């Protein structure tokens, strides 16, 4: 009976994902049911992260196989039956040099692409626009720094208010709209406790620290809906402050800016949003 329930739950999740993918704005940066590998790399930073991950996977795999082979060889060759009179050799210059030099070479092989990725993901020299994300308990606020005070909050949509095709625990009332093929500087901070703005498909995970302004960048290569979540344990409702970004063409983005400046001209205070989401989750 439990297997039947699990199968029904899986088919339901798959159908919801399929409905979402069938919408005009498809979900591209989103985890899939039963997904075991990394989310698709949909930005230059994420692509390099995947390349480094694959390199490390080969290195780790080779080390594990080598250690396993040596262990099996030692068990067979130097057990009491096969080697009744053990050697009392305490030093071997060749072996000691080998097990020192090879790890150093491996660390150099790992260090070079790691440092390149670290500096590549750190910041962009000439951003096309700047977005500021502010973490609150428990939702995100956003400010478009180049758009004359355009700002709004994005609160998770509760289960009973979800529309067909919307993803549970990942959908917010207001989506962050950003243009594709644009270098976007992302400034991250927090109002109360430490949060973390994370979106795996674009390779972004930046801590939001009160009193500190952290910087990173992102670039969306494909139109669609991208999802992320707070990745720093920030309190009782930590699991209920998702991130939803809608990547659109530059023309659509320009049209959205006109509408957004009117829509969010009288934006509600964060304290009101906090009260609303807390009351919703308490029910």
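The table for this structure:
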| read-out | value |
| --- | --- |
| Residue match in segment 35-46 (condition: modelled with pLDDT of 90 or more, farther than 30 Å from residue 185 by Cα and exposed (fewer than 11 other Cβ atoms within 10 Å of the Cβ)) | no |
| Residue check for residue 121: within 22 Å of residue 245 (Cβ to Cβ) and either touching a helix residue (DSSP H, G or I) at 6+ places or on another chain (Cβ under 9 Å) or not assigned by TED's automatic domain parsing to the domain that holds residue 180 (or both) | yes |
| Residue ID - farthest from the chain's Cα centre (by Cα), chosen from residues in segment 238-280 that are at pLDDT 90 or above and part of a loop (DSSP other than H, G, I, E, B) | 249 |
| Selection within segment 220-237 - touching a strand residue (DSSP E or B) at 6+ places or on another chain (Cβ under 8 Å) and assigned to a loop (DSSP other than H, G, I, E, B) | 220, 222, 223, 231, 232, 234 |
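The values are calculated or read from the model by the stated rules, or taken from the named source; none is laboratory data. The structure presented is a predicted model; accordingly, all values stated were derived computationally and were not measured. We place every Cβ from the backbone using ideal geometry, glycine too, and count neighbours over all the protein chains shown.
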